[in-house]
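The values are calculated or read from the model by the stated rules, or taken from the named source; none is laboratory data. If you're wondering where the values come from, they're calculated on a predicted model, not measured in any experiment. Positions of Cβ are generated from backbone atoms using ideal geometry, with glycine treated the same way; all protein chains shown enter the neighbour counts. Keep in mind that these areas ignore ligands, DNA and RNA; they rest on the heavy atoms of the full protein, side chains included. Shrake-Rupley method; radii C 1.70, N 1.55, O 1.52, S 1.80 Å.
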Amino acid sequence: MERASTGARLAEAVQNCALSVVSVLRGGHHGGVFEQAGVPGPVMAGAVRVLGADVLAPRAFLGLAPCATDLDVVRAVARCGLAEGASVPVAWMHWGLRAALHAADGERAFAAPVGEPESAWVPTVSWPALTHRLAQVAALATPGLECALAAQASARVPDLARGFARAVRRGDWLQAAGAGRWLAALGGAPASLGLAKGLEFVEHFGAAGDARVRLHVQAARLLLEARP
């Protein structure tokens, strides 16, 4: 019972934090992601592990300085090592969190991550597997992020567009939103895909079920708006 209760609190915290980030990205007041979301201390770290670098998205997308509480929680999570046998998506999310913290940390100068997780799979996996894995690490699709994952994914935009369309047809809104965010970040999506309209469709049908859908769609919009 206690484990189930903890899981429910974490799920609620993830949703509230995602909504808090969306509010800021849409021009709302930035009083700190955790404070605005009303997230209790014991589940803050868990929410950071799920959302990754998106906890610091207001800085990445809008240049807004993170509040001290947000930075302290992110630092604590970033300092923790990965569990042995951590999956590739988990490793990339942790790397992305450390990279975002290094960019945001200012005078504290949190060290940049050394090395990158494995990415040799990007050119070789099937397009459904590519879409699935990239959607899991959509928090890395931010302005100006340079890494092997993004560089290799840029060569597979047509496959990712195919995966986005498939996810929409299947009603897998979180995967569609994550894939759409990557397409917005990488550029070059086929005009026939109608990415902007597709993202509206995804948000309309998927946002009520998972606030992360709304977060990825809003991030994708900002990425599209920033394109020349």
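Results, tabulated for the structure shown:
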| quantity | calculated |
| --- | --- |
| Accessible area (Å², per residue) of the chain, counting only protein heavy atoms and a probe of 1.4 Å | 47 |
| 37 °C / 0.692 mPa s Stokes-Einstein diffusion coefficient of the chain, Kirkwood radius on C-alpha pairs, µm²/s | 186 |
| Difference of contour (0.36 nm per residue) and Cα-Cα distance, R169 to A83 | 27.4 nm |
| Cα-based shape type of the stretch 60-172, given that a ≥ b ≥ c are square roots of the gyration tensor eigenvalues and the cut on a/c is 1.5 | prolate |
| Among L160, L71, L199: highest mean-square fluctuation, GNM of the chain, C-alpha pairs under 10 Å | L71 |
| Karplus 3J(HN,Hα) series, Hz, for the stretch 61-66 with 6.51 cos²θ - 1.76 cosθ + 1.60 (x for Gly, Pro) | 8, 10, x, 7, 5, x |
| Stretchable slack from T69 to A120, in nm (0.36 nm times residue separation minus alpha-carbon distance) | 14.7 nm |
| Expected 222 nm ellipticity per residue - DSSP helices of 4 or more, -39500 (n - 2.57), all of the chain, to 500 | -20000 deg cm²/dmol |
| Semi-axis lengths (Å, descending) of the ellipsoid that matches the C-alpha gyration tensor of the stretch 7-97 | 21, 15, 12 |
| Given charges at beta-carbon only (K, R positive; D, E negative), |dipole| of the stretch 87-164 in Debye | 220 |
| R9 paired with E146, simple spin-label distance in nm, labels 7 Å along Cα-to-beta-carbon | 4.3 |
| Isotropic mean projected area of the C-alpha convex hull, the stretch 96-228 (nm²) | 8.5 |
| Computed over the stretch 117-174, Cα set: Rg, Dmax in Å | 11.2, 31 |
| Gain in span if fully extended, K197 to R26, counting 0.36 nm per residue against the direct Cα distance | 59.7 nm |
| Note, ³J(HN,Hα) from phi for the stretch 144-153, Karplus 6.51, -1.76, 1.60, rounded to Hz, x at Gly and Pro | x, 6, 10, 7, 4, 4, 5, 4, 6, 5 |
| The chain, accessible surface, carbon-and-sulfur percent (1.4 angstrom probe) | 55 |
